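Peer 1: For reference, the structure I am asking about is given below.
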Amino acid sequence: MENKLVAVELNESAHQYEIKIGHDLLDQSGIWAKKCLSANTKKIVIVSNAKIFRLYGAIVQNSLEKSGFDVSIWLMKDGEKHKNLRSAETLLKFLSTNQITRTDAVVGLGGGVVGDLAGFAAAVFQRGIAFLQIPTTFLAMIDSSVGGKTAVNTEFGKNLIGSFHQPNGVLIDVSVLQTLEKREITAGFCEAVKQGAIADQRLFDQTAEFLKSYPVKNFKKFHSQPDFIKDLCSLIAAQVSFKAQIVQGDEKENSARSDGKSRKILNFGHTLAHALEKVTEYKYFKHGEAVGYGIIFAAELSKRLDIFDNNELNLLCDVVHRAGELPSTKSINLEQVFAAFKHDKKTVGQSLQWILLESIGKPKIVTDRDISNSTVQQTLEKVLHS
């Protein structure tokens, strides 16, 4: 099967890189890295976690070493709660101890947590070194590996300490998705639905039809079917192309922009998602699961403001549910969730900016000055407790 390539060209930072998408690509990691990195790159640090490295670390390490790189390994603990300043400091110390230089590189092998932490360390170590992404979850493939946002979580909010640091390349091997647990698949498809909802009818329909043709509950079984692999690569390429287009037009999320092509629209569903993750101490939800609730919440809020049609609301909720079952929210304290909104990084000039919908493919940025607290609280009650 022919591999798919998505080019990302960033005018603001004069940086460009390529996203390679295909099947059984990990054993080509070394050749790929050679093309992405400087001829002066000698050392590579693979950042991963024990579970992912046990599955795929050896094949990536061996391929990099065959291409002449001196490879060392740093493994973090698994889970969103470990994407923090303490882990970042430990990784930075490892880079220093191993005498990594400005011409060397970091490779993030794992999901969004690994990629964010590895990218953040690469961004701040010696004021920035090269960084490669090899995402191993569906969510990371279509979202966090693309666009250059890197960050860590703190007690006062998610991703509030970070940097824009674009990768030198992204390698997406869909064969690794065979080993994902069902919750991770659901999390990834919630993010895919989010992007379809804000992109256009075409991407939304492509995502919806994929979920209809290949139900998440049987996801692993489909990997033996060539048509499934072809359709999966096409969907990932379409998702990645949409995000790349937005990033290329607004690389660093200009705070003054409020149009439908602003990078801010990628935060659709994330205001509630980040609040849910914060109040549960990043231990209860997969990120995409929280986004699933965030999509439904933002769509319901849009309907209550009379800017979103009820039929489209029902359609969107139906597609979210195709992505799989979400964890119960019956016991979550709504007052804590509401309070967490105040720490959201989408606040501009003391006003929180909500990403809502006027229709599928037509996002709208609305400030909280235009939404009453009672409307938000009633919507929370319906989405999380009904």
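Peer 1: Please pick out the residue among ALA197, ALA237, ALA192 that is surrounded by fewer than 21 Cβ atoms within 10 Å (Cβ to Cβ), at pLDDT 95 or above and either among the aliphatic types (A, V, I, L, M) or not in a helix (DSSP H, G or I) (or both).
Peer 2: It is ALA237.
Peer 1: For segment 257-272: of the residues being at pLDDT below 95 and of a type in the set (Gly, Ala, Ser), which is farthest from the chain's Cα centre (by Cα)?
Peer 2: SER258
Peer 1: Sticking with this one: Pairs under 6 Å by beta carbon, first residue basic (Lys, Arg) in segment 213-228, partner surrounded by fewer than 14 Cβ atoms within 10 Å (Cβ to Cβ), six or more apart or different chains?
Peer 2: LYS220/GLN178
Peer 1: Within the bounds of segment 136-157, is there any residue that is in contact with a helix residue (DSSP H, G or I) (Cβ under 9 Å, 6 or more places away or on another chain), among the charged types (D, E, K, R) and either assigned to a helix (DSSP H, G or I) or in contact (Cβ under 8 Å) with a residue 12 or more places away in the chain (or both)?
Peer 2: Yes: segment 136-157 contains one or more residues that are in contact with a helix residue (DSSP H, G or I) (Cβ under 9 Å, 6 or more places away or on another chain), among the charged types (D, E, K, R) and either assigned to a helix (DSSP H, G or I) or in contact (Cβ under 8 Å) with a residue 12 or more places away in the chain (or both).
Peer 1: If you check PHE131, PHE120, PHE125, PHE94, which single one turns out to be outside any helix (DSSP H, G or I), under 22 Å from PHE53 (Cβ atoms) and at pLDDT 95 or above?
Peer 2: Numbers: PHE120 fails: outside any helix (DSSP H, G or I); PHE125 fails: outside any helix (DSSP H, G or I); PHE94 fails: outside any helix (DSSP H, G or I).
Going through PHE131, PHE120, PHE125, PHE94 in turn, the sole match is PHE131.
Peer 1: Among the residues of segment 323-335, is any among the hydroxyl-bearing types (Ser, Thr, Tyr) and under 20 Å from ARG263 (Cβ atoms)?
Peer 2: No, every residue in segment 323-335 fails to be among the hydroxyl-bearing types (Ser, Thr, Tyr) and under 20 Å from ARG263 (Cβ atoms).
Peer 1: When you look at GLY169, is it modelled with pLDDT of 95 or more, in contact with a Phe, Trp or Tyr (Cβ under 9 Å, 6 or more places away or on another chain), surrounded by 17 or more Cβ atoms within 10 Å (Cβ to Cβ) and not assigned by TED's automatic domain parsing to the domain that holds GLN353, yes or no?
Peer 2: yes
Peer 1: Follow-up. Exactly one of (1) closer than 30 Å to HIS223 by Cα; (2) surrounded by fewer than 24 Cβ atoms within 10 Å (Cβ to Cβ) is unmet by THR137. Its number?
Peer 2: It is condition (2) that THR137 fails.
Peer 1: Which count do you get for residues in segment 295-333 that are of a type in the set (S, T, N, Q) and closer than 23 Å to ASN218 by Cβ?
Peer 2: 0
The values are calculated or read from the model by the stated rules, or taken from the named source; none is laboratory data. What you are looking at is a predicted structure, and each value in this text was computed from that prediction instead of being measured. Cβ coordinates were reconstructed from backbone atoms using ideal geometry, including for glycine residues, and neighbour counts include every protein chain displayed.
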